[in-house]
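Everything below concerns the one structure shown next.
The values are calculated or read from the model by the stated rules, or taken from the named source; none is laboratory data. Note that this is a predicted model, so its numbers are computed, not measured. Every residue, glycine among them, receives a Cβ derived from its backbone with ideal geometry; neighbour counts consider all protein chains shown.
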Amino acid sequence: MPLAPKRETARDLWGKELVFAIKHAGMTGQDLARALPVAPSTVSQWINGKRTPDLKDVRLCDAKLGTNGHLARYYKQWVTREIPSEWDDKWLSAEANANMLLNFELSFIPGLLQTEDYARAIIQDNHSSTDIDERVKRRMSRQTILNDESPPTCIFVIDEYALRRPFGTPQIMAAQLARLCELATRPNIVIKVIPLNTPYYAALPFMIARLDGVELVNVDTTLRGQVIEENSEVAESNKIWEDLREAALSTSESRQLIEKVMRTWEQ
C-alpha cells in the first residue's frame with residue numbers, strides 16, 4: 001500500500017513563499033545566507049520546512065529580498081499559530097491521560113505549575129509573535145489535569161536557578177513561588193529542588209508520561225518538544241530522571257528553599 005502523502009505544514013508553505021521571493025529577487029539561497037548572514041544550511045532548512053526561523057530573521061529576509069513585509073505577515077498569521085502535530089496529537093494526549101507525570105526543568109518553573117502572569121512573562125520574553133494570549137490560554141488549559149477527580153501523580157524536579165531567574169516583576173515571581181508552595185501540599189504533587197551548589201550535571205528539560213504500562217518522553221529542544229517512544233531511549237531517560245531526583249533536596253528541604261527564595265522576591 002502506498003504511503004499517504006506528507007501533510008504540508010505552515011512551515012512548508014512559508015518555505016515555498018521564501019523560494020519565490022528569493023527567485024523574484026534574482027538571488028539564490030546561498031546569496032540570501034550571505035546577506036543575512038546565516039549558514040546556507042539554515043536557509044535550506046527554512047525552505048524545506050525542517051526548521052522554523054525567528055521572526056527577526058524573517059524580517060531580515062523581507063528587508064534583503066524587498067518583499068515589503070510579506071514574509072513576516074505570512075509567518076505571524078500562520079506559522080506561529082501552528083502547533084506541531086507531534087506535540088498536539090501525541091504528547092498532549094499522553095499528558096492528559098497519564099497516571100504519572102515526571103518533569104525536570106532547568107530554567108523555568110514547569111508549565112503545569114505556572115501562574116498565568118508568570119506564563120505570560122515567559123512567553124513575552126521568548127516569543128516575538130503577536131499570538132501571546134493564545135499561547136497563554138493553551139498553557140493554562142493543560143493545567144486542568146491537576147484538578148481532575150482522579151489527577152495523575154506528578155513529581156517535579158526543578159533546578160534552584162529556575163526559582164531565582166526573573167520573569168516579569170518581583171511580585172510575579174513571589175506569587176509564582178507561593179503557587180509552588182500551595183501545590184506542594186496536594187497529595188498527588190511532589191516538588192523537589194536541586195540546589196545551586198550541586199556539582200555540574202548535563203540534562204535537557206524533559207517529561208515522562210506513564211499510562212497503562214506505556215511510557216513516553218518529551219524532551220524540550222530550542223524550537224519545540226520531541227516525543228520519544230524508543231524503549232532504549234525511554235530507559236535512558238528514566239535513568240537520568242532517577243539521578244536528578246537523587247540530586248534534589250528532600251520535599252521538606254525543597255519547600256523551605258522555595259519559601260526562602262520567595263521572601264527575597266517579596267522584599
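Among the residues of segment 184-202, how many are out of contact with any Ser or Thr (no Cβ under 8 Å at 6 or more places or on another chain) and surrounded by fewer than 18 Cβ atoms within 10 Å (Cβ to Cβ)?
The qualifying residues number 11.
Residue pairs, Cβ under 7 Å, 6 or more apart or interchain, first in segment 17-35 and in the same structural domain as residue 73 (by TED's automatic domain parsing) and under 14 Å from residue 63 (Cα atoms), second exposed (fewer than 14 other Cβ atoms within 10 Å of the Cβ) and small (Gly, Ala, Ser). List them.
Cβ pairs passing all conditions: 25/66; 33/39.
If you go through segment 144-186, how many residues are part of a helix (DSSP H, G or I) and either touching a helix residue (DSSP H, G or I) at 6+ places or on another chain (Cβ under 9 Å) or in contact (Cβ under 8 Å) with a residue 60 or more places away in the chain (or both)? If you could, list the steps in order and put the result at the bottom.
Step one: of segment 144-186, the residues part of a helix (DSSP H, G or I) are 144-147, 160-164, 170-183.
Still in the running and either touching a helix residue (DSSP H, G or I) at 6+ places or on another chain (Cβ under 9 Å) or in contact (Cβ under 8 Å) with a residue 60 or more places away in the chain (or both): 144-146, 160, 163-164, 170-181, 183.
Residues meeting the conditions: 19.
Tell me, yes or no, whether segment 72-94 has at least one residue that is free of Cβ contacts under 8 Å to residues at least 24 places away in the same chain, crowded, with 18+ Cβ neighbours inside 10 Å and either farther than 25 Å from residue 133 by Cα or not assigned by TED's automatic domain parsing to the domain that holds residue 141 (or both).
Checked against the condition, which is being free of Cβ contacts under 8 Å to residues at least 24 places away in the same chain, crowded, with 18+ Cβ neighbours inside 10 Å and either farther than 25 Å from residue 133 by Cα or not assigned by TED's automatic domain parsing to the domain that holds residue 141 (or both), segment 72-94 yields at least one hit.
When you look at residue 224, is it closer than 15 Å to residue 105 by Cα, among the basic types (Lys, Arg), at pLDDT below 95 and out of contact with any His (no Cβ under 8 Å at 6 or more places or on another chain), yes or no? Even if it seems obvious, please write down each step before you answer.
On the way: closer than 15 Å to residue 105 by Cα: yes; among the basic types (Lys, Arg): yes; at pLDDT below 95: yes; out of contact with any His (no Cβ under 8 Å at 6 or more places or on another chain): yes.
Answer is yes for this residue.
What number of residues within segment 159-213 satisfy the criterion of being modelled with pLDDT of 95 or more, over 26 Å from residue 237 (Cα atoms) and touching a Phe, Trp or Tyr at 6+ places or on another chain (Cβ under 7 Å)?
Qualifying residue count for the region: 6.
Could you please find all residues in segment 227-259 being among the polar types (S, T, N, Q), surrounded by 11 or more Cβ atoms within 10 Å (Cβ to Cβ) and farther than 13 Å from residue 193 by Cα?
So in segment 227-259, the residues among the polar types (S, T, N, Q) come out as 231-232, 237-238, 250-252, 254, 256.
Those still in the list that are surrounded by 11 or more Cβ atoms within 10 Å (Cβ to Cβ) too: 237-238, 251, 254, 256.
Scanning segment 227-259 gives 237, 238.
Please tell me if residue 247 is modelled with pLDDT of 90 or more, touching a Phe, Trp or Tyr at 6+ places or on another chain (Cβ under 8 Å), over 27 Å from residue 121 (Cβ atoms) and assigned by TED's automatic domain parsing to the domain that holds residue 91. Explain how you work it out, then say what you get.
Numbers: modelled with pLDDT of 90 or more: yes; touching a Phe, Trp or Tyr at 6+ places or on another chain (Cβ under 8 Å): yes; over 27 Å from residue 121 (Cβ atoms): yes; assigned by TED's automatic domain parsing to the domain that holds residue 91: yes.
Yes; evaluated as a whole, the condition is true for this residue.
Name the one entry in 174, 209 that is in contact with a Leu (Cβ under 9 Å, 6 or more places away or on another chain), surrounded by 17 or more Cβ atoms within 10 Å (Cβ to Cβ), small (Gly, Ala, Ser) and in the same structural domain as residue 116 (by TED's automatic domain parsing). Walk me through it before giving the result.
Numbers: 174 fails: in contact with a Leu (Cβ under 9 Å, 6 or more places away or on another chain).
Matching residue, one of 174, 209: 209.
In segment 187-202, which residues are among the aliphatic types (A, V, I, L, M) and assigned to a strand (DSSP E or B)? Give the derivation first.
As a first pass, look at segment 187-202 and keep what is among the aliphatic types (A, V, I, L, M): 189-191, 193-194, 196, 202.
189, 190, 191, 193, 194 - these are the residues of segment 187-202 that are among the aliphatic types (A, V, I, L, M) and assigned to a strand (DSSP E or B).
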